[in-house]
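Comments concern the structure below.
The values are calculated or read from the model by the stated rules, or taken from the named source; none is laboratory data. Since we're looking at a predicted model, the values are computed, not measured. Positions of Cβ are generated from backbone atoms using ideal geometry, with glycine treated the same way; all protein chains shown enter the neighbour counts.
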Amino acid sequence: MTFDVVTSDGAVRADGQLAARVASVLVVDDDVDHRELISRRLTSVGMRVTPVATADEALAALGGVDLVLLDYKLGGRDGLEVLGQIRSLPAPPAVIMVTGMGSEQVVIACMRAGASDYVVKDSGYLRNLPTVVERAWRHHDLERRARELERLALLVTSAPDRDGALHEIVAGALRLLAADECEVQLAEEAGARAVAGEVSLELRVPITLPETGRLGDLVVRRRSGGPFTDEETRLGSTFASFAAIAIAKLRQLELERSLVAELQHTLDMRRQLVAGVSHELRTPLTAISGFAQTILNHWDRIAEADRKDMIARIRANAAELGALVEQLLDFASVEAGRLRVDVGVIDLEPEAREAVADLAPVLADRTIVIDVPTGLTARADAGILRRLLTNLLTNAAKYTPQSAAIAVRAVTVDDSERVRMEVADTGDGLSSEELERVFEPFWRAEATRNSRRGTGIGLALVRDYARLMGGEAGVDSAPGEGATFWFTLPR
Amino acid sequence: MTPVRVLLAEDNEDHRFLTVRALSDLEGVELEIETAADGEEALDAISERRPDLVLLDIRMPKVSGLEVLRRLKADPELRSIPTVMLSSSDRSEDITEAYELGTSSYVTKPATAAGMKKGLRQLGEYWGRLVSLPSGAS
């Protein structure tokens, strides 16, 4: 993709061509003879001349004029004042003061006031006039370019977006190089756009940065006119440098922005963790406190069997709290890279049965199928493997109705080098977005997000656990087809 | 005597048990308690059976208690049923939001008979009418 191709319109091109040669001169003189002579002389070398007699006529005719030949004495009006008026315009033309013999001292004041040069009407002044005009124009044009470059440099270092900055550079190059087309071709965005029409001349300048080398090219094209001069080539290099600076600066900005976004994300995650965890901790605490209070207040009025039931519920909630705290500690350890893994050979079939049996209250009436070959072993940390299975089973229970079926399976994969364990449910399944994000810490499926249940770290830990033991974890699912969470372990 | 028909929406089984118990321990009122395990069930039960009183846990799966409350208050036929919100956290933003949505009362879990009585008293005249129906208990 190539971007920022700016094809100049007529106005810009006309303006650009002035960079090479002065075209339009305004001759201001109240003496009709001088006015005629000057006009004829300049017309003879190809300049377009507009002769006027008064200061007011001159001020009214300034539009599109490159240079003004201004007589110092205009029917009693002070030339210095008229010069001041011209120079105070937003983009003033060059001004050459024309004075009579013997009034040379006034020219000093005029030069101070911004005149580009002066001409004394002596006997041979007409002969040299075109040269003086050209020189004054070049001087003026150089200043104009310098100002334009300065403006661009400021703009490039302060532009908030890359395309905006490059657009300014392209527009500036078009103006100052009298070009018909200009574009920035970046290597990362390959494939140059075909150029409409015939292009006779092309200037191609590399855009390079010391640390990354060539980023692309600045390409300037002309359909007509002479080849690019050395000066114009140098100017092209300046524009290419501007482009390099703009790109480097904006890369820096992008880096800073992404760092800020990452930091923000971390802070958001922390807030979510605190919110999720407080609620998860409060739920079993509330139950424990409620049962304890009920037993205390109504000891005599509660049947012994009910008392026992309530105490069992207190114990179950305390166990849930304990598991939650364990999970938080694991999460903190994994984050800090300090979770210890003590790998041994584990018999998977009894392990799966025990994990399911321990979770009986959570799994409730769900049908659990355990399909693990007898004697199949894997290398794993016993405690971590149990927490991994517990997290997957709890997750399956959380996202499936009470009547659903859950299967725990294990098979050997990779030429029997690894074991793949699965917990498959018959729930609603996951969308493709959910598939991608389900292992992200603190991310939760749409269905449960509003209710803010869960800490959002259970599945993130599943992946961490599997990796810590030399395996991997993943999920296969489609909407409406249940989900199969799996992990692999070395044998 | 006509019992007061109560719908209790609570996803946590233990919390549900404790809240039902606290309601049963209230003196001088006979209640008929129906329970729902999530917001969806609650909405179905409410529109089908028009209970006299609805108790809603603020955080539930599928449809939260606050969302149930919002929908009740948006339904011209159901908006007059008084509601009591339940939450184990005293987080003021939850309580504020519930009152802004138009709940009649709020009870902090674990619900005890005393806490429930206080919460129900906030229903004011309505509760008075419910418990002193000609056929009801004094």
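Any residue at all in region A:265-273 that's among the basic types (K, R), in contact (Cβ under 8 Å) with a residue 40 or more places away in the chain and assigned to a helix (DSSP H, G or I)? If you could, list the steps in order and put the result at the bottom.
Filtering region A:265-273 for residues among the basic types (K, R) gives A:270-271.
From the residues that got through so far, the ones that are in contact (Cβ under 8 Å) with a residue 40 or more places away in the chain too are none.
Scanning region A:265-273 turns up no residue that is among the basic types (K, R), in contact (Cβ under 8 Å) with a residue 40 or more places away in the chain and assigned to a helix (DSSP H, G or I).
Give A:I302, A:I288 a once-over and let me know the one that is more than 18 Å from A:A332 (Cβ to Cβ) and touching a Ser or Thr at 6+ places or on another chain (Cβ under 8 Å).
Values: A:I288 fails: touching a Ser or Thr at 6+ places or on another chain (Cβ under 8 Å).
Testing whether each residue is more than 18 Å from A:A332 (Cβ to Cβ) and touching a Ser or Thr at 6+ places or on another chain (Cβ under 8 Å) leaves just A:I302.
Just to be sure before I move on: is B:A98 more than 12 Å from every other protein chain (Cβ to nearest Cβ) and among the hydrophobic types (A, V, I, L, M, F, W, C) in the structure I sent?
Values: more than 12 Å from every other protein chain (Cβ to nearest Cβ): yes; among the hydrophobic types (A, V, I, L, M, F, W, C): yes.
Taking the combined requirement at face value, the residue satisfies it.
Output the qualifying pairs, or none if there are none: Cβ atoms under 7 angstrom, residues six or more apart or on different chains, first residue in region A:301-314 and free of Cβ contacts under 8 Å to residues at least 24 places away in the same chain, second residue in a helix (DSSP H, G or I).
A:I302/A:I295; A:R307/A:I295; A:M310/A:F291; A:M310/A:T294; A:M310/A:I295
Within region B:61-76, which residues are within 9 Å of chain A (Cβ to nearest Cβ) and either farther than 19 Å from B:Y99 by Cβ or modelled with pLDDT of 95 or more (or both)?
Passing the criteria: B:P61, B:K62, B:V63.
For region A:273-311, how many residues are more than 11 Å from chain B (Cβ to nearest Cβ), aliphatic (A, V, I, L, M) and under 24 Å from A:D358 (Cα atoms)?
Residues meeting the conditions: 3.
Mind counting the residues in region B:20-36 that are among the hydrophobic types (A, V, I, L, M, F, W, C), more than 13 Å from B:V131 (Cα to Cα) and in contact with a helix residue (DSSP H, G or I) (Cβ under 8 Å, 6 or more places away or on another chain)? Spell out the reasoning first.
Going through region B:20-36, the residues among the hydrophobic types (A, V, I, L, M, F, W, C) turn out to be B:20, B:22-23, B:26, B:29, B:31, B:33, B:36.
Keeping just the survivors that are more than 13 Å from B:V131 (Cα to Cα) gives B:20, B:22-23, B:33, B:36.
After this cut, where a residue has to be in contact with a helix residue (DSSP H, G or I) (Cβ under 8 Å, 6 or more places away or on another chain) as well, the list is B:22-23, B:33, B:36.
Residues in region B:20-36 being among the hydrophobic types (A, V, I, L, M, F, W, C), more than 13 Å from B:V131 (Cα to Cα) and in contact with a helix residue (DSSP H, G or I) (Cβ under 8 Å, 6 or more places away or on another chain): 4 in total.
Test of understanding: among A:T390, A:T377, A:T484, which residue is more than 21 Å from A:I346 (Cβ to Cβ) and hydroxyl-bearing (S, T, Y)?
On the way: A:T390 fails: more than 21 Å from A:I346 (Cβ to Cβ); A:T377 fails: more than 21 Å from A:I346 (Cβ to Cβ).
So the residue among A:T390, A:T377, A:T484 that is more than 21 Å from A:I346 (Cβ to Cβ) and hydroxyl-bearing (S, T, Y) is A:T484.
Can you find a residue that is on the phi < 0 side of the Ramachandran plot and within 14 Å of another protein chain (Cβ to nearest Cβ) anywhere in region B:122-132? Full working, then the answer.
So the first thing to find is which residues in region B:122-132 are on the phi < 0 side of the Ramachandran plot, and the list is B:122-123, B:125-132.
Then drop every residue that is not within 14 Å of another protein chain (Cβ to nearest Cβ), which leaves none.
No, region B:122-132 contains no residue that is on the phi < 0 side of the Ramachandran plot and within 14 Å of another protein chain (Cβ to nearest Cβ).
In this structure, is A:L250 in a helix (DSSP H, G or I), of a type in the set (A, V, I, L, M) and in contact (Cβ under 8 Å) with a residue 12 or more places away in the chain?
Working: in a helix (DSSP H, G or I): yes; of a type in the set (A, V, I, L, M): yes; in contact (Cβ under 8 Å) with a residue 12 or more places away in the chain: yes.
It is true that A:L250 is in a helix (DSSP H, G or I), of a type in the set (A, V, I, L, M) and in contact (Cβ under 8 Å) with a residue 12 or more places away in the chain.
Mind checking whether some residue in region A:326-336 is in contact with a strand residue (DSSP E or B) (Cβ under 6 Å, 6 or more places away or on another chain), away from every other protein chain (no Cβ under 14 Å), more than 30 Å from B:D25 (Cα to Cα) and not in a helix (DSSP H, G or I)?
The initial filter retains those residues of region A:326-336 that are in contact with a strand residue (DSSP E or B) (Cβ under 6 Å, 6 or more places away or on another chain), namely none.
Checking region A:326-336: not a single residue is in contact with a strand residue (DSSP E or B) (Cβ under 6 Å, 6 or more places away or on another chain), away from every other protein chain (no Cβ under 14 Å), more than 30 Å from B:D25 (Cα to Cα) and not in a helix (DSSP H, G or I).
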